[in-house]
Each structure stands twice: as C-alpha cells, then as structure tokens.
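Since the structure comes first, as structure tokens, the remarks are kept for the end.
The values are calculated or read from the model by the stated rules, or taken from the named source; none is laboratory data. Everything numeric here is computed off the predicted structure, so don't read it as measured data. Cβ placement follows ideal geometry from the backbone for every residue including glycine, while neighbour counts extend to all protein chains displayed.
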Amino acid sequence: MIMDLKTVEVENPGQRYISRWIIYSALGEPDIKPENWSLKISGKVKKPLQFSFKEIMEMPHLQYICDFNCVTAWSVKDVRWEGPSIKELIEKAEPDPSAKWVMFRCVDGYSTPIPIEYAMTDNAVVAVKMNGEALKVEQGFPARPFMPELYAWKSAKWLTEIELIEDYQDGYWEAYGYHERGLVSDGERYTSGMWRRVKKNVTGMFRV
C-alpha cells in the first residue's frame, strides 16, 4: 500500500544541482541476495525485531518527492523516495526512553549515527525504491534510510540494522570529522578537516 504522494522541501544552501548521480563507495560494493538479507531493530528497545526483505516490501510504504543532498555540495532534484516508515519500525520494537541516537549499520561495515528525533519524523523512511524502481546495487540495494533534513552520507547504503543507543558514537565518516548531525539547512558538513586524508572512491556516474 502506498500513501499519498507529497513534496518535501528542504533548504540546501551552498548546493548545486547536477544531472548525473555521482556514486561513492567507502568500503566497496557488497553482493546481496534479497532472500538472505534482513533488517534488525536492536539496541535500546524492549522487543528487538528482525524483518525479511519480503516483509519490508509488504509493509505500508510512504512515498514522496525530495532532493538528494550530498555533503560534497551537489544535489539531485526531485527524487521520488519509497519505503516503510522508520518511526513505525522503531515503535514496533518499543524504544526505551534512554535512546537518544540511532546508529545505522550496513553489510559492508559502514555505520552512521543520527539523533533519534530525525528517525522519528513522519518523512524518515527505509527507502527500497527511488523514482519508482528498486534501488540499484550501487545506490544501496536492497535498502537505505533516507531522512530529508540530513545530508546523504547519513542515508547509509546496504542497511542491515537500526540500532538505538543512549550516547553518541562516531560512525565511519564522523570519525574523520564529518558532522555528528549533518543538517542540510544549517550547512552542517564537517567539524574538522581529517576527512581530506581519506580517498573517496567514485565507482560510477549515471543520468538522473
């Protein structure tokens, strides 16, 4: 079931719109078979849960249009996102009030944290489709979180776990000076220049 389509507007100062996706891969692209994939809701919850790909696809899905904003100052305009609500998944697991952060963990070992309030908005989704089609492998198939307000490094590709935690922990890029929160409207990109020492692998480009 797909809910009503809407457009989510986010101010994105300092961004430029481009006509081709730039594909980054920090740790390489994994080979994932949907029948072997699952998504866990873990950590500071009363009822840890695990969902198969089939179960995720059969859940009610949100669908809306929103720009994709990369921290490196490029954006893709009017991307259509589709997937189940992160808020509803977390609520099924009965979160503990002590949980203040959500850590997204991925097949390839990548991780990134967000303040829990951004996971609990009405527009935060586990995206399984972009522009009406299943995610491509290089775009994070089978699933990635998407939070419109946050830069896209928080939209971790090849998601396997949504872990609720009490205290802040660095994820992959945060350990190199990326901002803890990454709010697009405030230009929260970096807290230090350590990230410049890390080579970013561009694995492809394709038209929007």
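Out of R189, R181, R105, I need the residue that is closer than 22 Å to M57 by Cα and modelled with pLDDT of 95 or more. Which one? Explain how you work it out, then say what you get.
On the way: R189 fails: closer than 22 Å to M57 by Cα; R181 fails: closer than 22 Å to M57 by Cα.
The unique qualifying residue is R105.
L39 versus (1) part of a strand (DSSP E or B); (2) within 30 Å of S19 (Cβ to Cβ); (3) among the aliphatic types (A, V, I, L, M): which is the lone unmet condition?
Condition (2) is where L39 drops out.
Looking only at segment 119-153, filter to residues that are of a type in the set (F, W, Y) and closer than 22 Å to L183 by Cβ; which one of those is surrounded by the most Cβ atoms within 10 Å (Cβ to Cβ)?
Taking segment 119-153 first, the residues of a type in the set (F, W, Y) are 141, 146, 151, 153.
Okay, now just the ones that are also closer than 22 Å to L183 by Cβ, so 146, 151, 153.
Working: F146: 26, Y151: 24, W153: 23.
Ranking the qualifying residues of segment 119-153, first place goes to F146.
What pairs come out if I take residues in segment 15-28 that are in contact (Cβ under 8 Å) with a residue 12 or more places away in the chain and more than 14 Å from V71 (Cα to Cα) and pair them with residues that are part of a strand (DSSP E or B) and not β-branched (V, I, T) whose C-beta lies under 8 Å away, six or more apart or interchain?
Close Cβ pairs (under 8 Å, with a partner that is part of a strand (DSSP E or B) and not β-branched (V, I, T)) amount to S19/R207; R20/M205; R20/F206; R20/R207.
Looking at segment 79-100, I want the residues that are polar (S, T, N, Q) and have a partner that is surrounded by 16 or more Cβ atoms within 10 Å (Cβ to Cβ) and assigned to a loop (DSSP other than H, G, I, E, B) with Cβ atoms under 6 Å, at least 6 apart or on another chain. Which pairs are those?
As it stands, the answer is S98/K44, since those pairs meet every condition given.
Whether any residue in segment 63-81 is at pLDDT 95 or above, part of a helix (DSSP H, G or I), within 15 Å of the chain's Cα centre (by Cα) and basic (K, R) is what I want to check.
No, segment 63-81 has no match at all.
Evaluate segment 39-58: report whether one residue or more is more than 18 Å from I162 (Cβ to Cβ) and in contact with a Phe, Trp or Tyr (Cβ under 8 Å, 6 or more places away or on another chain).
Looking through segment 39-58, none of the residues is more than 18 Å from I162 (Cβ to Cβ) and in contact with a Phe, Trp or Tyr (Cβ under 8 Å, 6 or more places away or on another chain).
Pairs please, first residue from segment 136-162 and at positive phi, second anywhere and outside any loop (DSSP other than H, G, I, E, B), Cβ atoms under 8 Å, 6+ apart in sequence or on different chains.
Listed by first residue and then by second, the contacts come to G140/A127; G140/L159; W158/C106; W158/R144.
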